[in-house]
Amino acid sequence: MLTACAGVHVKDTQVAAGTTHPSAIYIRPFDVSQAIFNGHHGDPGERPIRRSLAPAEFAEDLKEEMSKIAPAMVLNEDEIPRTGWIVEGHFDIVNAGSPILRFFPGGPFGSSKVLIHVRISEVRGHAVSVDSKDVVAGSYGKRGHVIYEFDVAGGSGWTGHDGSVNAPGLGYATPFDFRNAAERIELAISPDPYGYGIRSSSAPR
């Protein structure tokens, strides 16, 4: 029961346009420059490395999850899509917690935490900037129309030393949190994400 406490949820939604069926989805690695990046990220001195790799790691998780909706790819820094959706955002908190404290049962000791801001825009012949306030110069014009914007938050919770497919146990928590966040983002923007509306029979129930 405690290992089921690990996960990520949508904390707050600012924009929800109800748009579906993109032709393609492009992921721009999220900005980590202003994030609170703390907790146990490996060996002493390794934290700057883990911080620098966080955008690429999370982008790959998002690519795999978003591919369930439409063909997805990660953008290079100089690439600008002309159709489909673009997913971008920034990390606010990446706290890996403490595996030593997670050893002790009875509470959320040493639990990890992530807080991530997500922005999804629809691109129709326009460029999309990294910052929602920016205007991209040149022939592309202004940035694309924002269709979803929200925050996701979560972490390992009360999982303690017992790990699972969603919880780190005594291991490194951030990869679990990134995967949980990417999955939650995909579920949040998918119509009937769990397939509850699927019927194996045409008979009424």
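The values are calculated or read from the model by the stated rules, or taken from the named source; none is laboratory data. It should be emphasised that the depicted structure is a prediction, and the values quoted were computed from it without experimental measurement. As a convention, Cβ positions derive from the backbone with ideal geometry for all residues, glycine included, and neighbour counts pool all protein chains shown. The protein model used for the area step is the full one, side chains on, heavy atoms only, and it has no ligands, DNA or RNA in it. Shrake-Rupley method; radii C 1.70, N 1.55, O 1.52, S 1.80 Å.
If you sort Asp43, Asp12 by accessible surface, 1.4 Å probe, largest first, the order is Asp43, Asp12.
The candidates Glu64, Glu57, Glu149, arranged from most to least accessible area with a 1.4 Å probe in the full protein assembly, appear as Glu64, Glu57, Glu149.
What the Cβ-Cβ distance of Leu101 and Leu53 gives, at R0 = 41 Å and to the nearest 0.05, is a FRET efficiency of 0.95.
For His145, the solvent-accessible surface with a 1.4 Å probe is about 120 Å², rounded to the nearest 10. Under 12 Å from a point placed 7 Å out from the Cα of Ser67 along the Cα-to-Cβ direction: which residues of the stretch 73-116 have their backbone N that close? Hits in the stretch 73-116 for Ser67 at 12 Å: 73-74.
Under a 5 Å amide H cut-off, with hydrogens placed 1.01 Å from N, Phe37 pairs with Val94 among residues at least 5 apart or on other chains.
Modelled label positions at Ile198 and Val146, each set 7 Å beyond Cα in the direction of Cβ, lie 3.4 nm from each other.
Could you tell me which residue out of Gly42, His21, Pro71 lies farthest along the dipole of the stretch 15-80 toward its positive end? Charges go on the beta carbon: Lys and Arg +1, Asp and Glu -1, centred on the Cα centre. Of the listed residues, the answer is His21. Within the stretch 178-192, which residues have the backbone N less than 17 Å from the label spot 7 Å out from Glu60 along Cα→beta-carbon, could you tell me? From the stretch 178-192, the list is 178-183. Along the stretch 37-43 the Karplus relation, 6.51 cos²θ - 1.76 cosθ + 1.60 evaluated at θ = phi - 60°, assigns HN-Hα couplings of 10, 9, x, 8, 10, x, 5 Hz to successive residues, with x for each Gly and Pro.
With every protein chain kept in the model, how would you rank Phe104, Phe30, Phe176 by accessible area, 1.4 Å probe, largest at the top?
Phe104, Phe176, Phe30
Can you give me the % of accessible surface on the stretch 85-124 that is carbon or sulfur? Probe 1.4 Å, all protein chains present, nothing else counted.
Numbers: 1000 of 1480 Å².
Here carbon and sulfur together make up 68 percent of the probe-accessible area.
How far, in nm, would the chain grow between Ile36 and Ala17 when pulled straight, counting 0.36 nm per residue and subtracting the alpha carbon separation? Intermediate values should be presented prior to the final figure.
Numbers: separation 19, 0.36 × 19 = 6.84 nm, distance 3.01 nm.
Answer, rounded to one decimal: 3.8 nm.
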